[in-house]
Amino acid sequence: MEEIAARLRSIRLSRNLTLADVETKSHKQLRAVALGSYERGDRTLSVKKAAQLSEFYDVPLSYLLTGRSPTQKAEGEIVIDLRRVKALSISEEKSTPTANILFSFLFGIIKERQDFNGEILSLRKSDIAFLTITIGCTHEEFTLYLSHNKLLFETKGTSSL
């Protein structure tokens, strides 16, 4: 429960939201007082409320509860949807330093592996470690970034709520 509470707080803070912001943006479906209690671990999180939070934050419920995305492999690999990456790399409004580093790195891996026809790319544990150091974030924050920008490859039955 402590990990879920910490993850809830981390997700909210990564979106630069206060507890009051969440309450306002959710049209009071998610109360600030209750969310604060969930984040401190003072209140038990129901499955229904976890699903609401997952939907509000646009993260997979499995990530909220376990810290792992449904597309994240047990060995620490992450599967990237290259179609989404290409679409985002063209979009100038999404051109951030993090995005530029990620795009450059991914297309470098494609070139190195000679995998020019793929629609997905598996990032190995070492790839992720290098990227998180380069970008200056944790593994959890990197996974959250990918999920938030819908860059994770989703198979049938693994889409987020």
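The values are calculated or read from the model by the stated rules, or taken from the named source; none is laboratory data. Since we're looking at a predicted model, the values are computed, not measured. Glycine also receives a Cβ, built like all others from the backbone with ideal geometry; neighbour counts cover every protein chain displayed.
Observations on the model:
- Among the residues of the stretch 19-37, the ones that are polar (S, T, N, Q) and in contact (Cβ under 8 Å) with a residue 12 or more places away in the chain come to 2 in all.
- Among the residues making up the stretch 39-48, those that are part of a helix (DSSP H, G or I) and free of Cβ contacts under 8 Å to residues at least 12 places away in the same chain are 47, 48.
- Inside the stretch 25-64, residues that are polar (S, T, N, Q) and loosely packed, with under 13 Cβ neighbours inside 10 Å make up a count of 2.
- For the stretch 91-118, filtering for residues that are among the acidic types (Asp, Glu) and modelled with pLDDT of 80 or more leaves 1.
- Output for the stretch 13-38, where each listed residue is in a loop (DSSP other than H, G, I, E, B) and either more than 21 Å from the chain's Cα centre (by Cα) or under 23 Å from residue 140 (Cα atoms) (or both): 15, 16, 17, 18, 27, 28, 29, 31
- Selection of the stretch 57-90 for residues being touching a strand residue (DSSP E or B) at 6+ places or on another chain (Cβ under 9 Å), modelled with pLDDT of 80 or more and of a type in the set (Val, Ile, Thr) yields 78, 79, 80, 85.
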